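Have a look at the structure below before the remarks.
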Amino acid sequence: MAMMMSSLYDALRTAGAGDESARKAAEEVAGFENRFAKVEGELAVLKWMVGFDLALTAAVLAKLLTLGA
């Protein structure tokens, strides 16, 4: 069985949804949560890459400006 959010499942069952439809909805929401977690991880890597690129660019620019003086 796929991972599901039990609190959402319980809330849907309390609201009157059928067992199977509540289970499917909870599993689908859990799948989206996993996808968002993966995107957040990839975004963290991209932030580090951009930071490194900016630092390297600033260092090269500073070196170029000091050579001309």
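Values in this text are rule-based calculations from the coordinates and carry no lab data. None of the values given here were measured: they were computed from a predicted structure. Cβ sites come from the backbone with ideal geometry, for glycine too, and all protein chains shown count toward neighbours.
A compact table of results
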quantity: Hits in segment 7-31 (condition: part of a helix (DSSP H, G or I), surrounded by fewer than 10 Cβ atoms within 10 Å (Cβ to Cβ) and either touching a Cys at 6+ places or on another chain (Cβ under 9 Å) or not aliphatic (A, V, I, L, M) (or both)); calculated: Ser7, Thr14, Glu20
quantity: Test: residue in segment 25-37 that is among the small types (Gly, Ala, Ser), more than 12 Å from the chain's Cα centre (by Cα) and more than 17 Å from Ser6 (Cβ to Cβ); calculated: no
